[in-house]
Amino acid sequence: MVCHADPVSTTWRHLPAPAREIAAAAAEAVAAARERDAGAYELAVERLTAADRAGLVLGGVVRLLLEESHPDGLAGDDVRQVLERCVRSVTPWWSQVDPHVLLVLLASALGVYDPGEDDAPPGPGEIARHAPLLVADLLAVTGRPLDDYLAAAFAEVARTELHD
């Protein structure tokens, strides 16, 4: 009998199964977002929302992408431009995009979001549904593959867990 499991990049074989699931689902969702394929995106983010801690990993990816694309730091105008560019590019093919969730993702990645001050903080599912949109948009700026950022984000999560 042949196994029909999703192909796993050799990059992720060393990771525990839950982390491999996040990597595979994130790669699918980002690819669907880059292709502007709403059907494939819905399937991929459904899988991603089921993966525990996907938001944490993708938040790390967003932070790394922001740091690389803005090496001199981000000003308020930079954040606004990233948000506007992402919303404009996504809205024609995925009408469910919520600018507030994207803003929360950006603020969280930058370490300036306080959920206690938010009247309607998005849940982990909404974060996981929107993070690939922001990742795809930022990847277009850097021109580097997602795998590099995922590997760095997983390493960061592992370091944090070791020190806790």
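For the reader, a short list of remarks on this structure follows.
- Selection count where residues are of a type in the set (Gly, Ala, Ser) and within 18 Å of Pro122 (Cα to Cα), scope segment 40-69: 6
- Residue match in segment 7-23 (condition: closer than 17 Å to Val135 by Cβ and free of Cβ contacts under 8 Å to residues at least 12 places away in the same chain): no
- Restricting attention to segment 97-123, the residues that are surrounded by fewer than 13 Cβ atoms within 10 Å (Cβ to Cβ) and among the small types (Gly, Ala, Ser) total 4.
- Verdict on Leu103 being touching a residue at least 40 places away in the same chain (Cβ under 8 Å) and in a helix (DSSP H, G or I): no
Each value in this text was obtained by applying a stated rule to the coordinates, not by laboratory testing. All values derive from a computational prediction rather than experimental measurement. Positions of Cβ are backbone-derived with ideal geometry, glycine not excepted, and every protein chain shown enters the neighbour counts.
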